[in-house]
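Taking it in order: structure first as C-alpha cells, then the write-up.
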Amino acid sequence: MASFTLACPNCKSVLVVPAKVPAGQKVKCPKCATVFAVPGDDDQFTSRTKRSNQPPPIQSRFGEGRAEPIEDDEDYDVDTPRRVRRSTHRVTADEDDDFIEDRPRRSFSRSRQGQNNQVLLIGVIVGVAAVIVLTGVGIAAGIWFRSSRAASQQTLAAQQGAREQDVARAPAGAGPNVANPLPAAPQQVDPPNPPAIGDAPRQRQEPPPVPIMPPQFLGQPPPSFDISKRYRENEIITINIQGIPDERSRKYILERLPALIGTRYLMSSRVSGDVTVVVLAPVNNPEAFARKIDFGTVSSVKGRIIKVTAKKLDIPSADADAITQALFDLKSPNLFTRKAALDRLAIADADNRRDEVLKAVQALLSDSDVFTRQKAIGVYAKWGGKDSVPTLLKLLRHPDPHTRRATMEALANLKDERAVEPIAERLTEGLDRHDASKALQALGSTAELTVLKYLGSPDFPTRLEACKILKVIGTKASVRPLQAVALNRNDFVVAQAAQEALIAISTRP
C-alpha cells in the first residue's frame with residue numbers, strides 16, 4: 001500500500017500518511033500533538049515508493065510516527081497548536097498570541113509570591129516589636145518589684161530593730177552561766193484605741209541607745225546580737241556598770257571597752273535604770289580583763305559577771321566648744337568618732353589653738369585606717385599651711401597609694417615650690433603618674449622648668465605625661481624643647497602630643 005510523508009508545521013517532523021488524504025483533512029502530529037490541516041497542494045505529499053532515499057520518519061514516544069486523520073470538529077482551531085512542554089517548545093513570532101496564555105499566570109504567581117514575602121516581613125517586624133515591648137515591660141516590672149521589696153525589707157528591719165531595742169536582751173540568752181542579775185525594764189503598752197480629742201498626749205518611752213558597731217566589722221556582715229551563736233559560753237562576759245553620770249560618759253565607756261580586747265569582738269548593751277549592762281565577747285579570762293578597766297572601780301568578779309562602779313571621767317562637758325570636743329574625740333578608740341572629729345576640724349576656722357590641733361592631727365597621719373589618714377592629711381595641711389610641707393613631703397613615700405594621692409592634693413593646694421621636685425619624681429611611678437600630673441598642673445608655671453627635664457626621660461609614658469602637663473602650664477620657655485620633641489619621627493605619639501602642646505602655648509596670651 002502506498003504511503004506518503006508530510007512535514008509537521010510546528011516541530012518539522014516528517015510524518016507518514018497511510019493514504020492520500022484529501023486537502024483540508026485535519027491531521028494530528030504524534031510528537032507535538034499539533035492538529036493541522038493537510039494543504040491543498042499535492043506537491044507536499046511525497047511517495048515513499050518513489051523516493052526510497054528519503055530518511056525514515058522520526059520515531060516518537062506517542063507512536064510510530066504516523067499521522068492520524070481526525071474528524072472535523074468546530075472546537076479545533078487549525079492555526080492554533082496545542083500547548084506543549086516548556087522544556088521542548090519555544091514560542092515563535094509567527095505563532096498566535098493565544099498560545100502564550102500562561103505567561104500572565106507566571107507573572108501573577110511571582111507578584112503573589114512578592115506579596116507573601118511582604119506579609120511575612122511585616123509579621124516579623126511586628127513580632128520583634130512586640131518582643132521588645134514585652135521585654136521593656138518585664139524589666140520595668142522587675143525594677144518596681146525589687147524596689148518595693150527593698151522598701152518593705154527596710155521597713156521590716158526598722159520595725160524589728162525597734163522591737164529588739166524595746167525588748168531587754170538578758171545575758172541569760174548567751175548561756176546558763178551568764179545570768180542577768182537585774183530585772184528587765186518595763187515596757188509601755190499602747191492602748192488599743194487612739195486617745196480621744198482633748199486627752200493629754202501619751203508619753204513616749206525613749207528607746208535605749210543603739211549598740212556600738214565595732215570598727216573591726218567594717219566590710220564584714222553586721223554581727224548578730226545573739227552572741228551565743230558566735231562564741232562559746234566560756235568566751236562571753238557580762239559587765240554591769242553603775243553610776244554613769246550622763247550619756248556622754250556612757251558613750252565614752254562603750255567605746256573604751258572594745259579597746260581593752262584589742263581583737264575582733266561582738267558587743268551589745270542595754271540600759272536598765274541607772275545600770276548599763278554590757279555583753280562582750282571574746283574574753284577568755286574575766287579577772288585579767290577586769291584589771292584593765294580604768295573608767296571605774298571593779299566591785300566584784302563572780303564567774304563571768306563583772307560589776308563596776310563608774311567614776312567621774314575627765315571628758316569635755318556638753319557645753320564645751322567645738323575645738324575642745326574635737327580634740328577629745330581624736331583620741332577615741334572608735335574610728336567613726338575620730339573621722340567625725342576630723343570632719344569638724346576641716347570646716348572650723350584656725351585659731352590660737354593651732355599648735356594643739358596640729359599635734360593631735362599629726363598623730364593620725366599614721367593611723368591604721370586609710371580613710372582616717374586621708375582626712376588627717378587634709379586637716380593637717382589646712383591648719384599647718386606652709387609649715388606642714390616638710391611633714392607632708394615625707395608621706396609621698398608612704399606605701400599606700402591612696403595616702404600618696406591625698407598628700408599630693410594637699411601639697412598642690414598649698415602652692416609651695418618645695419613640693420614641685422618631689423611630686424615630679426612620682427611621674428616615673430605608674431600608680432602615681434596621673435595624680436602627680438594633676439598636682440603639677442595645679443602648681444602652675446612654677447613647675448614648668450622641672451617638667452621640661454622629663455621630656456628626655458627614657459620612659460615613654462613619662463615623656464607623654466610631661467607633654468600633657470606642658471600643654472596646660474607651658475610658656476614660651478617650653479617652645480624650643482617641645483619643637484625638638486615634635487620633630488622626632490621615631491617617637492610619633494610623643495611628637496604628636498608635643499605638637500598639641502605647642503598649639504596650646506601659641507594660643508595663650
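A few remarks follow.
- In the set (1) under 40 Å from the mean Cα position of the chain (by Cα); (2) in a helix (DSSP H, G or I), Thr450 fails one condition alone, (1).
- Any hit, the range 349-356, residues being open to solvent by less than 50 Å² (accessible area, probe 1.4 Å) and either at positive phi or more than 41 Å from the chain's Cα centre (by Cα) (or both): no
- Total residues in the range 249-271 satisfying the condition of being within 26 Å of Ala318 (Cβ to Cβ) and surrounded by fewer than 17 Cβ atoms within 10 Å (Cβ to Cβ): the figure is 1.
- The range 401-447, residues that are in a loop (DSSP other than H, G, I, E, B) and touching a helix residue (DSSP H, G or I) at 6+ places or on another chain (Cβ under 6 Å): Asp416, Leu431, Asp432
- Residue match in the range 357-368 (condition: outside any strand (DSSP E or B), of a type outside the set (Asp, Glu) and modelled with pLDDT under 90): yes
- Among the numbered conditions (1) open to solvent by less than 20 Å² (accessible area, probe 1.4 Å); (2) over 25 Å from Arg230 (Cβ atoms), the only one that Leu280 does not meet is (2).
- In the range 454-476, the residues that are assigned to a helix (DSSP H, G or I), over 25 Å from Thr507 (Cβ atoms) and not hydroxyl-bearing (Ser, Thr, Tyr): Gly456, Phe460, Pro461
- Met408 meets the conditions (1) closer than 30 Å to Phe371 by Cα; (2) modelled with pLDDT under 95 in every case but one. The failed one is (2).
- For Val485, the stated conditions do not hold, so it cannot be described as closer than 17 Å to Pro422 by Cβ and assigned to a helix (DSSP H, G or I).
- Residue within the range 371-379 that is open to solvent by 10 Å² or more (accessible area, probe 1.4 Å), free of Cβ contacts under 8 Å to residues at least 24 places away in the same chain and in a helix (DSSP H, G or I) present: no
Table: residues versus (1) farther than 16 Å from Lys251 by Cα; (2) modelled with pLDDT of 90 or more; (3) of a type in the set (Ser, Thr, Tyr).
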position	(1), (2), (3)
Ser268	no, no, yes
Thr276	no, yes, yes
Ala288	yes, yes, no
Thr297	yes, yes, yes
Val301	yes, yes, no
Ile306	yes, yes, no
Ser317	no, no, yes
Ser332	no, no, yes
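- Residue match in the range 382-392 (condition: crowded, with 22+ Cβ neighbours inside 10 Å, touching a Phe, Trp or Tyr at 6+ places or on another chain (Cβ under 8 Å) and more than 25 Å from Gln325 (Cβ to Cβ)): yes
- Residues that are open to solvent by less than 30 Å² (accessible area, probe 1.4 Å), within 25 Å of Glu233 (Cβ to Cβ) and not in a strand (DSSP E or B), drawn from the range 289-316: Phe289, Ala290, Ile293
The values are calculated or read from the model by the stated rules, or taken from the named source; none is laboratory data. None of the values given here were measured: they were computed from a predicted structure. Cβ sites come from the backbone with ideal geometry, for glycine too, and all protein chains shown count toward neighbours. These area figures cover heavy atoms from the full protein model, side chains too; ligands, DNA and RNA do not enter into them. Shrake-Rupley method; radii C 1.70, N 1.55, O 1.52, S 1.80 Å.
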